[in-house]
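The values are calculated or read from the model by the stated rules, or taken from the named source; none is laboratory data. Everything numeric here is computed off the predicted structure, so don't read it as measured data. Glycine also receives a Cβ, built like all others from the backbone with ideal geometry; neighbour counts cover every protein chain displayed. Only protein heavy atoms, including side chains, enter the accessible area calculation; ligands, DNA and RNA are left aside. Shrake-Rupley method; radii C 1.70, N 1.55, O 1.52, S 1.80 Å.
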Amino acid sequence: MFKLWTAILKDARILIRDKAGLAVMFAMPVLLVVVIASIQNSTFQLVNDNKIPLLICNRDGGEGSQQLVVALRKIGMFDVLPEDSTLNDKQLGAAMQKKDVMVAVVIPNGFSQAVQHKAQSVAGKALDELGIEAAKSDSSKATGEVPPVTMFYNPVLQESFRYSVQGALQSAQQFTENREVLQALYQALNNAKLSDSLEQSILNNRSAIRQIPVARNGSIVIPNTTQHNVPAWTIFAMFFIVVSLSTNVVKEKLSGSFVRLKTLPTNYTLVLLAKQITYIGVTLAQVVVIFSLGIFLFPLIGLPRLNLPSDWIGLIVVSLVCGWCAVSYGIIVGVFAKTMEQAIGFGAVSVVILAAIGGIIVPAFAMPESLRLLMKISPLHWCLEAYYTLFLEGGHLKDVLYSLLPLVIIILALQIISLIRLKRQHLI
Amino acid sequence: MSLALHIQHLHFRYAENTGVIFDDFNLEIAKGERFGLLGPNGAGKTTLINLMTGVLKADKGKIDLMGKDIRTDEKEVKRMFGFVPQFYSFYQELSPVENLEFFGAWAGLNKQEIKQRTDELLEVLGLTSVRDKAVSKFSGGMKGRVNLAIGVIHKPSLLFLDEPTTGVDVQTRHAIVEYLKELNKTGTTLVYTSHLMSEAENLCTKVALMDAGKLIVHNDLNALLTSHPQGGLEGLFLKLTGKSYRDS
């Protein structure tokens with residue numbers, strides 16, 4: 001026990017005196033979690049609280065196109081800038097850049113007429129189906145395709161964001177076309193124009209959609225950027241100890257301390273055990289520091305407060321297993337690396353890659369199918385699953401066992417491979 | 001004659017498809033000797049030390065230290081010998097006291113024994129004034145003395161020294177050699193390798209010259225110097241191993 005204690009003390013002293021290493025392990029992730037959470041929170045607020053500037057070039061000017069503009073205004077997502085129908089495509093591009101507009105919509109000439117003809121055609125077909133002779137319908141008019149509305153967008157606009165805008169546009173267009181069909185039907189049946197109040201009550205009677213997060217514990221706490229980001233970047237920080245731990249191992253190999261220890265009446269696996277205990281302690285300290293920031297600092301800087309899971313035992317067990325996995329990864333990188341540069345370079349880059357495929361940087365649901373398979377080999381993915389089960393789904397220890405089992409298997413594999421490698425290098 | 005070290009029919013190579021380093025190698029070192037293991041680069045000195053200290057495992061043959069087999073009585077044997085490697089094999093971020101505390105514990109000493117030996121060694125080796133400073137800031141000579149102190153903290157009966165004065169100044173070299181002589185007087189057997197023939201002449205009572213994994217000469221130092229009066233140990237060394245470079 002005395003040997004183990006002196007080894008833990010030795011590693012702790014080396015760690016404390018490594019100021020750069022401490023910065024990488026604590027300052028960097030703290031900075032990262034604050035910056036990422038702030039950015040994502042502001043993006044969230046931008047989408048939900050602010051309106052997107054939209055430039056409309058209405059080259060049609062008819063009633064249908066006016067209705068489309070009204071519908072776009074009503075969606076509430078856009079801040080519709082004053083229309084200018086005289087702009088050509090080139091001028092439109094220049095205007096977008098000048099006014100810093102990300103999206104512009106061009107309603108083509110003939111849009112209203114085409115929509116009207118299409119509506120009358122649809123209404124006529126509907127009346128024919130019902131066996132009603134249209135009084136004064138104009139259903140016999142030939143119908144062509146409605147010329148497409150064009151959406152110009154700045155190439156920096158993210159794809160997912162562009163799809164949201166496109167969805168909103170289609171919704172507005174659908175509303176306009178439905179209104180025309182309704183008008184045509186009413187006109188054909190009653191030989192009169194549909195009143196505004198009836199039109200409003202027919203077209204605007206959409207039912208509300210309630211959004212409820214499904215939690216395992218039945219609670220309906222709405223997840224926010226903090227609940228997503230703090231656990232995710234804590235895991236990233238834990239695995240980033242690979243830089244410090246692997247260089248520590250390489251330094252011991254290169255300095256000959258490994259060899260010296262081999263001449264002493266002890267087993268080097270005990271040295272590795274001491275190293276693991278010390279660094280698991282570091283990962284737990286990271287958890288405490290970053291979670292404390294989420295609880296105490298975030299509300300002070302305008303970010304949502306971190307709500308800890310109700311199952312404390314689950315949180316401690318998950319943190320311990322994640323920390324142990326990160327430490328095992330650091331050990332194996334150190335065992336295989338021949339120089340400190342190799343350990344630092346490979347260690348840092350590999351953690352970023354594992355974070356990317358593990359769902360830390362890009363959400364798992366947004367990944368292509370092929371990467372989702374690859375994701376399962378990333379220990380960071382299983383760590384994230386376990387934390388999300390606790391933080392977002394209100395799960396308990398029994399609910400995270402499914403995620404902890406792969407982590408334990410990964411830990412055992414990393415440890416066994418490290419020991420085999422050390423044996424082959426005559427170091428144990 | 002009571003033996004401190006007895007190597008019988010040693011056979012070793014690093015891997016299956018590599019050359020044989022030792023083939024039926026034999027060596028005896030008596031207790032209380034100051035034994036110099038000399039040879040050019042690539043002669044196999046460091047490999048032999050690694051085999052004698054259990055860092056490497058022999059393919060065949062038997063190595064007994066203080067009458068115990070290093071394979072079967074590994075833990076017991078490792079308590080009896082000390083090792084001072086060629087390089088500064090300790091933690092440069094730590095102070096001499098912290099290094100001695102760690103290596104002392106791992107050599108099997110308790111807290112009280114470590115404290116007592118640390119104070120003694122730092123005093124003898126002139127490191128008391130820097131006992132709590134990080135070794136990384138030390139000169140080569142001071143690091144060499146820390147390296148030596150770690151090797152002898154548990155008062156070994158047999159001490160292996162692999163070029164212990166490499167990179168140290170003349171004063172430190174002198175101090176180390178004198179300390180080793182004093183240590184030998186208390187009964188510690190020394191097994192020492194070096195490229196410095198004058199230092200070997202000063203320290204050793206018996207020497208073995210080896211090349212390409214084989215012993216060329218193995219005799220009392222005085223007997224060797226008497227039989228080769230001209231050029232001393234260095235002259236004999238060059239005569240037996242040649243003057244061509246050993247860059248392997």
Inset, instruction - Scan (1) within 17 Å of the chain's Cα centre (by Cα); (2) at pLDDT below 90 for the single condition B:Leu161 breaks and write down its number. - result: (2)
Inset, instruction - Working carefully through the options B:Ser198, B:Ser244, find the one that is in a helix (DSSP H, G or I) and out of contact with any strand residue (DSSP E or B) (no Cβ under 8 Å at 6 or more places or on another chain). - result: B:Ser198
Legend entry - The lone exception for A:Leu273 - which of (1) modelled with pLDDT under 85; (2) surrounded by fewer than 17 Cβ atoms within 10 Å (Cβ to Cβ) it fails: (1)
Inset, instruction - Tell me, yes or no, whether the stretch B:154-161 has at least one residue that is part of a helix (DSSP H, G or I) and either open to solvent by 50 Å² or more (accessible area, probe 1.4 Å) or within 12 Å of chain A (Cβ to nearest Cβ) (or both). - result: no
Legend entry - Residues being in a loop (DSSP other than H, G, I, E, B) and at pLDDT 85 or above - total across the stretch A:119-163: 3
Inset, instruction - Evaluate the stretch B:68-78: report whether one residue or more is surrounded by fewer than 23 Cβ atoms within 10 Å (Cβ to Cβ) and in contact (Cβ under 8 Å) with a residue 24 or more places away in the chain. - result: no
Inset, instruction - Working carefully through the options A:Leu374, A:Leu390, find the one that is assigned by TED's automatic domain parsing to the domain that holds A:Leu273 and either open to solvent by 60 Å² or more (accessible area, probe 1.4 Å) or not in a helix (DSSP H, G or I) (or both). - result: A:Leu374
Legend entry - Filter result for the condition that a residue is more than 10 Å from chain A (Cβ to nearest Cβ) and over 20 Å from the mean Cα position of the chain (by Cα), over B:Glu101, B:Glu123, B:Glu33: B:Glu123
Legend entry - Within the stretch B:28-43, tally of residues that are modelled with pLDDT under 90 and surrounded by fewer than 21 Cβ atoms within 10 Å (Cβ to Cβ): 3
Legend entry - One residue from A:Gln183, A:Gln174, A:Gln170 being out of contact with any strand residue (DSSP E or B) (no Cβ under 8 Å at 6 or more places or on another chain), modelled with pLDDT of 80 or more and open to solvent by less than 60 Å² (accessible area, probe 1.4 Å): A:Gln183
Legend entry - Those residues of the stretch B:118-139 which are open to solvent by less than 30 Å² (accessible area, probe 1.4 Å) and either more than 24 Å from A:Glu252 (Cα to Cα) or not hydroxyl-bearing (Ser, Thr, Tyr) (or both), in sequence order: B:Leu121, B:Leu122, B:Leu125, B:Leu127, B:Val130, B:Ala134, B:Val135, B:Phe138
Inset, instruction - Count, please, the residues in the stretch B:54-67 that happen to be modelled with pLDDT under 90 and open to solvent by less than 20 Å² (accessible area, probe 1.4 Å). - result: 4
Inset, instruction - Tally the residues that are more than 26 Å from A:Glu145 (Cβ to Cβ), in contact (Cβ under 8 Å) with a residue 12 or more places away in the chain and out of contact with any Pro (no Cβ under 6 Å at 6 or more places or on another chain), restricting the search to the stretch A:98-133. - result: 4
Legend entry - Pairs where the first residue, in the stretch A:174-193, is in the same structural domain as A:Gln66 (by TED's automatic domain parsing) and in a helix (DSSP H, G or I) and the second is open to solvent by less than 30 Å² (accessible area, probe 1.4 Å) and β-branched (Val, Ile, Thr), C-beta under 7 Å, 6+ apart: A:Thr176/A:Val115; A:Glu177/A:Val115; A:Glu180/A:Val115
Inset, instruction - For A:Gly281, indicate whether it is part of a helix (DSSP H, G or I), open to solvent by less than 10 Å² (accessible area, probe 1.4 Å) and modelled with pLDDT of 90 or more. - result: no
Inset, instruction - Answer with yes or no whether B:Ala208 is open to solvent by less than 30 Å² (accessible area, probe 1.4 Å), touching a strand residue (DSSP E or B) at 6+ places or on another chain (Cβ under 7 Å), assigned to a helix (DSSP H, G or I) and touching a residue at least 24 places away in the same chain (Cβ under 8 Å). - result: no
Inset, instruction - Could you please let me know if B:Phe90 is within 27 Å of A:Ile14 (Cα to Cα) and crowded, with 23+ Cβ neighbours inside 10 Å? - result: yes
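Regarding the stretch A:28-35, can at least one residue be identified that is under 34 Å from the mean Cα position of the chain (by Cα) and farther than 30 Å from A:Val288 by Cβ?
No: the stretch A:28-35 contains no residue that is under 34 Å from the mean Cα position of the chain (by Cα) and farther than 30 Å from A:Val288 by Cβ.
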